[in-house]
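Following: one structure in structure tokens, then a few remarks.
The values are calculated or read from the model by the stated rules, or taken from the named source; none is laboratory data. Given the structure is predicted, the values throughout are model-derived calculations rather than measurements. Backbone-built Cβ (ideal geometry, glycine too); neighbour counts: all protein chains shown. What goes into the accessible areas is simple: the full protein's heavy atoms, side chains included, and nothing from ligands, DNA or RNA. Shrake-Rupley method; radii C 1.70, N 1.55, O 1.52, S 1.80 Å.
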Amino acid sequence: AKWPSLFYAHLGDMQLRQTMHHRQEERRQAMQNRDTSDKQVRAFEELVTAGLSYQGWRADVTEAERLYTFDPSLFDDFLRRVKLTPTQAALNRNCQRMMVCIVLSHRLRCVAARRTSGGAAGQPEPRLKMMV
């Protein structure tokens, strides 16, 4: 009585694996053919068509294709991250520019303060306090 139940359980596992493989193959073909009837493929295609230009975008496209095929539940979150990458890079550049401006402004104020107070040239300039 034990063997038939084990056999049918194993048979069920095999059928499940075969079904999963079939679905993965369908998803892989849909991505390769850029089948826009699927909303995930359509969103991916719109993103790629809009143009990706940040460093590492090709690896992100490959990873998106892999996730769509093998783990579609993670695909949408990954696509959101890829959409934010150029924006995040621009924010980082703006932040760096702002820090340079703050440091230069501080140094200019120190030079102006020395000139107006007649301070000695050898005096160390006051340290810039960083606010986090």
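Comparison of LEU104, LEU84, LEU108, LEU91 shows that the only residue that is open to solvent by 50 Å² or more (accessible area, probe 1.4 Å) and at pLDDT below 75 is LEU91. Taken over the stretch 27-42, the residue count meeting the criterion of being in a helix (DSSP H, G or I) and either of a type in the set (Val, Ile, Thr) or open to solvent by 100 Å² or more (accessible area, probe 1.4 Å) (or both) is 3. Kindly indicate whether LEU6 is surrounded by 10 or more Cβ atoms within 10 Å (Cβ to Cβ) and either assigned to a helix (DSSP H, G or I) or modelled with pLDDT of 80 or more (or both). So LEU6 does not fit the description; no.
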